[in-house]
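Reading through the structure tokens given below for one structure.
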Amino acid sequence: MAKDIRIERWSGPALEQFIPELARLRIEVFRDFPYLYDGDIDYEKKYLQTYINCPESVIVIAFDGDSRSCSRQDSGIHTIHGDKVVGASTAIPMKYETDELKKPFLDQGYNLDEVFYCSESVLDKNYRGLGIGVRFFEEREAHAKELGGFKYICFCCVERPVDHPRRPADYVPLDQFWNKRGYVKHPELNTTYIWKDLDDVNETPKPMTFWLKHER
């Protein structure tokens, strides 16, 4: 990893300072395949507020550059960063998530108190291939272990047809990367999410499938 990239875990009200940058980055990254999300800044800010309000959630942030202050947020001193937010990864206990996400686990007999949900990861294109994606998983999993009580860590991804017109010719799914991190696809755990694709007039439901890792 480049020496000027710093990865930090943040939770609670201290995240407020990063909301505009995180919202901008999410809209930028999720425009690409397979999400093709036609984002809205106000919605993103409201969505991110969920992680600020939940004391057990975490956002792992990747910064490029030196900070103006190295004081840790858990020291009680507000940290002001002058560097650029280039990536972020969110996670939260499943019991705090939406009904759409909780339903497949309840239907399959899971105890929601034992499921930790890794929401999304976004990373500026110029910073990919540096190991930041691996660190995002490591930090979220470490946060789950510190909270304690979780048997499963999961995430979900959108399912797009192989002949989708916007699928890039050089597109490579991340299945192999996820498998290396210990995650297995569970087709029986699926849901739908609604958003507006690029160039579409209306929002449409998208099939989402969960990947699961058993904690030891």
Query - At most 11 other Cβ within 10 Å, DSSP loop - trypsin sites (Lys or Arg not before Pro), the stretch 3-67 - result: 3
Requested in this report: With just the Cα atoms of the stretch 1-67, tell me how far they stretch along each of the three principal axes, in Å, largest first.
Outcome: 33, 29, 17
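How high is the relative contact order of the chain? Use alpha-carbon pairs under 8 Å, at least six apart in sequence, and give a whole percent.
Over the chain, the number comes to 21 percent.
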Report summary line: For residue 38, the accessible surface traced by a 1.4 Å probe with all protein chains present amounts, in square angstrom to the nearest 10, to 50
Report summary line: The Kirkwood hydrodynamic radius of the chain, taken as the inverse of the mean 1/r over all distinct Cα pairs, in Å, comes to 18.2
**Report entry** Whole-angstrom Cα spans of the stretch 112-169 along principal axes, big to small
**Finding:** 43, 27, 11
Query raised in the report: How large is the dipole of the chain about the Cα centre if only Lys and Arg carry +1 and Asp and Glu carry -1, each at its Cβ, rounded to the nearest 20 debye?
Result: 560
Query raised in the report: For the chain, with the dipole built from +1 on Lys and Arg beta-carbon atoms and -1 on Asp and Glu ones, taken about the Cα centre, which of 169, 98, 7 lies farthest toward the positive end?
Result: 7
Query raised in the report: Which of the residue pairs 125/180; 46/180; 45/84; 125/151; 45/180; 145/196 have a Cα-Cα distance greater than 30 Å in the structure shown?
Result: 46/180; 125/151; 45/180; 145/196
Query - Dipole of the chain [Lys/Arg +1, Asp/Glu -1 at C-beta], most positive-end residue of 131, 210, 108 - result: 131
Report summary line: Mean-square fluctuation maximum in Gaussian network of the chain, Cα pairs under 10 Å, restricted to 86, 122, 158, hits 158
Query raised in the report: Kirkwood Rh over Cα pairs of the stretch 118-216 into Stokes-Einstein at 20 °C, 1.002 mPa s: D in µm²/s?
Result: 138
Query raised in the report: Looking at the stretch 108-151, which trypsin sites (Lys or Arg not before Pro) are in a loop (DSSP not H, G, I, E or B) and have at most 12 other Cβ atoms within 10 Å?
Result: 128
Report summary line: Interchain or sequence-distant (5+) residues whose placed amide H lies within less than 5 Å of the amide H of residue 206 are 193, 194, 195
Query - Top of 146, 44, 28 by mean-square fluctuation, Gaussian network on the chain, Cα under 10 Å - result: 146
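The values are calculated or read from the model by the stated rules, or taken from the named source; none is laboratory data. As the structure is a prediction and not an experimental result, all values here were calculated from the model. Here the Cβ is made from the backbone with ideal geometry for all residues, glycine too, and neighbour counts use every protein chain on show. With ligands, DNA and RNA removed, areas are computed over all heavy atoms of the protein, side chains included. Shrake-Rupley method; radii C 1.70, N 1.55, O 1.52, S 1.80 Å.
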